[in-house]
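Participant: Okay, here's the structure, questions in a sec.
Since every read-out is calculated from the coordinates, none of them should be taken as a lab result. These figures come from a predicted structure and were not determined experimentally. Here the Cβ positions follow ideal geometry from the backbone for every residue, glycine too, while neighbour counts run over all protein chains shown.
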């Protein structure tokens, strides 16, 4: 049973990934819809970032995580190096949790 | 670039270790835990599946995991040829397609730079996730909770940093912000995975706005990424100016 679950997940996930890539060649998309694709991908990534920053198991993630992400956001805006953005976001969140913020 | 990927890779190593430890603690055999990281290779779906398997709902584990991963189809459609021209590259590259690898690739201009970014991020992050899982399986309960290190903030912060340049385009910014808002608002009421897919609905904004396109470069200096629509603009302009 376990192996069937893992295989189904693996095949399905790979299917989503590969079908998109392979369809890219097969579909002769008109120019206007080609322009929509990167915008759609940006919307998906923004939605992932926003839900990952704010929510946990369909509820609010607590204050420490969004606060840390906000620190990262401000640094990214000021064109800080990527590594600094990531480390500062994690560090700020860790520090706030250490101080007792959920 | 390598350093940037390594930063996310380090976080993935730690979260992968926590996945390994959590899965083994939930009663999954070591081989199944390792196999999941290698052949499913989708962090969110793996954590969710372990929880649902442990709760005795294997069918739900598959459905929920696939719903969560459906977003990879539009990612693949967008990346397309950026994986390389040979067929084996497309087939192998598809397996390495994660949110982070996609974000690293799309942050680069189309063509060779994007292809290199995708493969660098794809391979390194895959190795990091699987090495982390192995560490977690071996170390078990000795692996700490990644939230103590604030790693749950590292991933959204990294995604936002990669997205910022793309959000300089006005249409992209509106669609992405609206999509992010839709996803956050619907997260409490929809099953996991659907809210993020719903963000694609924000593309309708472009249809509503019609063919009226702003001239290139118009208003391009106030990108507004995702979560903070009420950010004070003047501060950010100052930030731009400081570069």
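Participant: Peptide B:60-72: average number of partner chain Cβ atoms within 10 Å per residue? Don't skip to the end; give the middle numbers.
Facilitator: Values: counts 0, 5, 8, 3, 1, 7, 7, 1, 2, 7, 4, 8, 10.
Across the residues of B:60-72, the mean count of other-chain Cβ atoms within 10 Å is 5.
Participant: Could you state, as a whole-number percent, how many of the C-alpha pairs of region A:1-52 are farther apart than 17 Å?
Facilitator: Values: 771 of 1326 pairs.
The calculated P(r) of region A:1-52 puts 58 percent of pairs beyond 17 Å.
Participant: Something else now. For B:160, B:53, what's the fewest-to-most ordering of other Cβ within 10 Å of each Cβ?
Facilitator: B:53, B:160
Participant: Angle between the Cα long axis of helix B:58-69 and the longest principal axis of chain B, 0 to 90 degrees, nearest 10?
Facilitator: In chain B, helix B:58-69 runs at an angle near 30 degrees to the longest axis.
Participant: Still on this model: Assuming 0.890 mPa s and 25 °C, estimate D for chain A with Stokes-Einstein, Rh taken as the Kirkwood radius over Cα pairs, in µm²/s.
Facilitator: Working: Rh = 16.9 Å.
After rounding, the answer is 145 µm²/s.
Participant: Under 10 Å, Cα contacts only: if you run a Gaussian network model on chain A, which one of A:75, A:45, A:22 comes out with the highest mean-square fluctuation?
Facilitator: Looking only at A:75, A:45, A:22, the biggest GNM fluctuation is shown by A:22.
Participant: For chain B, what does -39500 (n - 2.57) per DSSP helix run (n ≥ 4), summed and divided by total residues, give at 222 nm, in deg cm²/dmol to the nearest 500? Don't skip to the answer; put the middle values down first.
Facilitator: Details: 13 runs with 156 residues, N = 243.
It lands at -20000 deg cm²/dmol.
Participant: Same structure again: Per DSSP helix of 4 or more residues, -39500 (n - 2.57); summed, then divided by the residues of chain A. What does that give at 222 nm, rounded to the nearest 500?
Facilitator: Working: 4 runs with 80 residues, N = 102.
For chain A, the value works out to -27000 deg cm²/dmol.
Participant: Further question: Could you line up A:82, B:104, B:59, B:47 from fewest to most neighbouring Cβ atoms inside 10 Å? Write out the running numbers ahead of the final one.
Facilitator: Numbers: A:82 23, B:104 28, B:59 10, B:47 17.
Lowest count first: B:59, B:47, A:82, B:104.
Participant: A further question on this structure: Could you work out how far apart the two model spin labels at residue B:30 and residue B:1 are, taking each label as a point 7 Å from the Cα in the direction of the beta carbon, and quote it in nm?
Facilitator: Roughly 3.8 nm, to one decimal.
Participant: Here's something else I'd like to know. Can you give the Rg and Dmax of the protein assembly as shown based on its C-alpha atoms, in angstrom?
Facilitator: Considering the protein assembly as shown through its Cα atoms, Rg and Dmax are 19.3, 59 Å.
Participant: Given the options A:38, A:81, A:66, state which has the largest fluctuation in a GNM of chain A using a 10 Å cut-off (strictly under) for Cα springs.
Facilitator: Ranking A:38, A:81, A:66 by mean-square fluctuation puts A:81 first.
Participant: While we're here: Evaluate peptide A:29-39: per residue, the Cβ atoms of other protein chains within 10 Å of its Cβ; return the mean as an integer. Each step should come with its number before you reach the end.
Facilitator: Values: counts 2, 0, 0, 2, 1, 3, 3, 8, 7, 7, 15.
So the per-residue partner count for this stretch is 4.
Participant: Please give the contour-minus-distance gain from residue B:92 to residue B:148: 0.36 nm per residue of separation, less the Cα-Cα distance, rounded to one decimal in nm. Spell out each step's value before the answer.
Facilitator: Numbers: separation 56, 0.36 × 56 = 20.16 nm, distance 3.46 nm.
Taking residue B:92 through residue B:148 to full extension adds about 16.7 nm, to one decimal.
Participant: From the gyration tensor of the Cα coordinates in region B:20-172, what semi-axes in whole Å does the equivalent ellipsoid have, largest first, with each one equal to sqrt(5λ)?
Facilitator: 29, 18, 16
Participant: Can you give the mean number of other chain Cβ atoms that lie within 10 Å of the Cβ atoms in peptide B:137-147?
Facilitator: On the way: counts 0, 0, 0, 0, 0, 0, 0, 0, 1, 2, 9.
For this peptide, the per-residue mean of nearby foreign Cβ atoms is 1.
Participant: Hey, how many Å between the Cα centroid of region B:145-214 and the Cα centroid of region B:29-104?
Facilitator: When both Cα centres are located, 20 Å separates them.
Participant: In a Gaussian network model over chain B where Cα atoms closer than 10 Å are linked, find which of B:73, B:34, B:159 has the largest mean-square fluctuation.
Facilitator: Evaluated over chain B, the most mobile residue of the options is B:73.
Participant: With 10 angstrom as the radius, rank B:48, B:97 by how many other C-beta atoms surround their C-beta, starting from the fewest.
Facilitator: In order of increasing Cβ crowding within 10 Å: B:48, B:97.
Participant: Compute the acute angle (0 to 90°) between the alpha-carbon long axis of helix B:112-139 and the principal axis of greatest extent of the alpha-carbon atoms of chain B; round to the nearest 10°.
Facilitator: The helix B:112-139 is inclined about 30 degrees to chain B.
Participant: If eta is 1.567 mPa s and T is 4 °C, what Stokes-Einstein diffusion coefficient results for region B:98-168, Kirkwood Rh from Cα pairs, in µm²/s?
Facilitator: On the way: Rh = 13.7 Å.
D, rounded to a whole number, is 94 µm²/s.
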